[in-house]
Amino acid sequence: MEILATILTILFIIDCVLLILIVLLQSGRSAGLGTFGGSSNTILGASSADVLTKITVGLAAGFMLLALSLAFIKSRQYARPVLEENKATQQLTPVEEVPSQENKKENPSSP
């Protein structure tokens, strides 16, 4: 389970970095690239905005899936030792016998 968590963490970091880069590559909705001598889609190709949008959606979906998977794996990984530790302490805890009122009457020297 530890190897799977490590692999998912590495994929999560790669996904985060790629998502940041792709979002930064996109231009704003109102920001046209007319200063470069053309419309907003001609620098990177005619349909670059559509491609970047699709890549962004894919990376965002991967981000969510990886985040949920890592949360599920890590919660199960750390929950088991706590539960096992509780069972161990419950079994090892000795039960002390409380003296009853009758024992105190019979043996007045004890406090």
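Coordinate-derived values only; no laboratory data. All values derive from a computational prediction rather than experimental measurement. Note that we place each Cβ from the backbone using ideal geometry, even for glycine, and neighbour counts take in every protein chain shown.
Can you give me the distance in nm between label points at Val23 and Lys54, each placed 7 Å from the Cα along the Cα-to-Cβ direction?
Here the answer is 2.2 nm between the modelled labels.
I want to make sure I understand the PRE zone here: with the label point 7 angstrom from the Cα of Leu11 toward its beta carbon, which residues in the range 63-78 have backbone N atoms less than 15 Å away?
Residues passing the 15 Å test: 63-74.
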